[in-house]
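Asks: Please find one structure pasted underneath; my questions will follow.
The values are calculated or read from the model by the stated rules, or taken from the named source; none is laboratory data. Every value quoted in this text rests on a predicted model; they were computed, and no experiment measured them. Glycine also receives a Cβ, built like all others from the backbone with ideal geometry; neighbour counts cover every protein chain displayed. Remember, those area values only see protein heavy atoms, side chains included, never the ligands or the DNA or RNA. Shrake-Rupley method; radii C 1.70, N 1.55, O 1.52, S 1.80 Å.
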Amino acid sequence: MSTTIGAVAIGRNEGPRLQRCLQSLIGQAQVIVYVDSGSTDVSVELARSLGAIVVELDLAQPFSMARARNAGFERLLQEQPDLRYIQFVDGDCEVVAGWVEQAAAVLDTQPQTAVVCGRRRERHPQASIYNRLCDLEWDTPIGPAKACGGDALMRVQALQQVGGYNPDLIAGEEPELCVRLREHGWQVLRIDAPMTLHDAAMTRFDQWWKRTRRAGYAYANGAYLHGRGPQRHNMRELASILLWGLALPLLALALAWPTRGISLLVLAAGEMLLGWRVYRHQRRRGRSASDARLYAAFTVLGKPAQAMGAVQFFVNRLLRRPSRLIEYKDAPQPQRAQA
């Protein structure tokens, strides 16, 4: 390995997923740190058995993925002060063999690039429609990007310059970080290369609903922080969420009696038009008719869930209540640690 590369994996009760994650990093990173957020399974013992340095977050402070990544980053620098690049990965993901080396080569040749990400794919896209939706979500355009996800190779210098992740965010921490990186002149780049396999493990509607609500919370938080800046971060998304998920449904309900239900029909027609526009956009991107229909239907269906998350954020701000994680995954069955 030509440069000093470290890795930070974060997780909580990931079970077998964590084992796959850490094993995939062996040989791709010189130092591996696992940050645990209060697991009740054998995650900590498993990580140590695989040679990872373990950081256990203080249970007295609120958990967040951003806080976990910062803690792992800090510990990596203690172990390897000359670290140049760092691979962040969620504990439910497996890093594809050769990815880190390929991404590092991009950073070596592009000094203004702070973040390189590739193709994240769902491990079991056919297990449920919700997993399939995740797989469609991961399929984003190649080239300069506005944001990365939880899996990415980052330049240590850039991360230090902007002060790392915002530890107060419970979701949307990567896009918010990328806003600050771009404000400092850095580039975020997505390349056409396999990067990670993700295990969403979503089999129920309520899991999808919670995850979608969390996304709405993240959009609102991001807009609150950077929406008035030159990048207008999340403002368009938040406006769409509040219009289709909150304002129009409430207006249609309020007018349902005086209009004898016509307002509800108008709302339904508007949502069908929105779905058709999303469908056409997806088809233009080359997706199959079935994938485009699924994506469009759940985009419309998800607006109220996102609106609930956005309203939750603004209520928390108004009442000065602390943010709490919105978790959608079930903890896996306990297993024994394996070397």
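Asks: State the extension gain, in nm to one decimal, for the chain segment bounded by Arg236 and Val106, taking 0.36 nm per residue of separation less the distance between their alpha-carbons.
Replies: Answer, rounded to one decimal: 43.7 nm.
Asks: In Å², what does the accessible area per residue of region 129-234 work out to with a 1.4 Å probe?
Replies: Values: 4160 Å² over 106 residues.
Value returned for region 129-234: 39 Å² of accessible area per residue.
Asks: Ignoring ligands, DNA and RNA, what percent of the 1.4 Å accessible area of the chain is carbon and sulfur? Don't skip to the answer; put the middle values down first.
Replies: Values: 9020 of 16400 Å².
Whole-percent figure for carbon plus sulfur exposure: 55.
Asks: Taking the Cα-to-Cβ direction at Asp82 and at Gln126 and moving 7 Å from each Cα, how far apart do the two end points lie in nm?
Replies: 4.9 nm
Asks: Not counting ligands, DNA or RNA, and with a 1.4 Å probe, what is Met65's accessible surface area in Å² rounded to the nearest 10?
Replies: 60 Å²
Asks: What share of the DSSP beta bridges in the chain is antiparallel, in percent to the nearest 5?
Replies: Working: 12 of 37 bridges.
Beta bridges within the chain, antiparallel portion: roughly 30 percent.
Asks: Quick one, what does Rg over Rh come out to for region 97-181 if you take C-alpha atoms and the Kirkwood Rh? Numbers along the way, then the final one.
Replies: Details: Rg = 14.4 Å, Rh = 14.3 Å.
With Rg and the Kirkwood Rh in hand, the quotient comes to 1.00.
Asks: Expressed as a fraction of 2.2 N^0.38 Å, the rule-of-thumb size for a compact globular protein of N residues, what is the C-alpha radius of gyration of the chain? Before the final figure, lay out the partial values.
Replies: Numbers: Rg = 20.7 Å, N = 339, 2.2 N^0.38 = 20.1 Å.
Dividing the Cα Rg of the chain by 2.2 N^0.38 Å gives 1.03.
Asks: Relative to the first principal axis of the alpha-carbon coordinates of the chain, what is the inclination of helix 65-79, with its axis defined by its Cα atoms, in degrees from 0 to 90 and to the nearest 10?
Replies: Computed tilt is about 10 degrees.
Asks: Principal axis extents for region 17-76, Cα atoms only, whole Å, descending order, please.
Replies: Over region 17-76, Cα extents along the principal axes are 34, 24, 15 Å.
Asks: How much of Leu133 can a 1.4 Å solvent probe reach, expressed as accessible area in Å² and rounded to 10?
Replies: Leu133 has an accessible surface of roughly 20 Å² with all protein chains in place.
Asks: Take the Cα atoms of region 56-107, build their convex hull, and give its volume per residue in Å³.
Replies: Taking the convex hull of the Cα positions in region 56-107, it is 102 Å³ per residue.
Asks: Additional query: Per residue, what volume in Å³ does the convex hull of the Cα atoms of region 216-328 enclose?
Replies: Expressed per residue, the convex hull around the Cα atoms of region 216-328 is 140 Å³.
Asks: Using the beta-carbon distance between Leu318 and Phe205 and R0 = 30 Å, what value does 1/(1 + (r/R0)^6) give for FRET efficiency, to the nearest 0.05?
Replies: So the FRET efficiency works out to roughly 0.50.
Asks: If Lys and Arg each add +1 and Asp and Glu each add -1, what is the summed charge of the other residues whose beta carbon sits under 11 Å from the beta carbon of Ala103?
Replies: -1
Asks: What's the local net charge at Arg155, with K and R +1, D and E -1, over the other residues with C-beta under 13 Å away?
Replies: Residues close to Arg155 contribute a combined charge of 0.
Asks: Right, next: Dipole size in debye (nearest 20) for region 31-186 around its Cα centre, Lys and Arg Cβ +1, Asp and Glu Cβ -1?
Replies: Using only the charged Cβ atoms, the result is roughly 420 debye.
Asks: Rounded to the nearest 500, what is the 222 nm mean residue ellipticity of the chain from helices alone, with -39500 (n - 2.57) per DSSP H run of 4+ residues and division by all residues? Spell out each step's value before the answer.
Replies: Values: 12 runs with 162 residues, N = 339.
Rounded to the nearest 500, it is -15500 deg cm²/dmol.
Asks: Keeping all protein chains in place and using 1.4 angstrom, which order do Lys210, Lys303, Lys146 fall into by accessible surface area, from largest down?
Replies: Lys146, Lys210, Lys303
Asks: Based on the inverse mean of 1/r over its pairs of different Cα atoms, what is the Kirkwood hydrodynamic radius of region 1-106, in Å?
Replies: Kirkwood radius, region 1-106: 13.6 Å.
Asks: Go through Ala68, Gln80, Ala158 and say which Cα lies farthest out towards the positive end of the charge dipole of region 38-185; charges sit on Cβ, +1 for Lys and Arg, -1 for Asp and Glu.
Replies: Ala158
Asks: Against the longest alpha carbon principal axis of the chain, how many degrees, from 0 to 90 and to the nearest 10, is the axis of helix 262-284 turned?
Replies: 40 degrees
Asks: With a sphere of radius 11 Å drawn around the Cβ of Thr4, what net charge do the other residues whose Cβ falls strictly inside it have (Lys, Arg +1; Asp, Glu -1)?
Replies: Value of the local net charge: -1.
Asks: Sticking with this structure for a sec: At 0.36 nm per residue, minus the direct Cα-Cα distance, what do Thr40 and Leu253 gain on full extension? Give it in nm, one decimal, please. Can you show the working numbers first?
Replies: Working: separation 213, 0.36 × 213 = 76.68 nm, distance 4.47 nm.
My answer for the length gained is 72.2 nm.
Asks: Another question, if that's okay. Which angle from 0 to 90°, rounded to the nearest 10, does the C-alpha axis of helix 173-183 make with the longest principal axis of the chain?
Replies: Between the helix axis and the principal axis of the chain, the angle is about 80 degrees.
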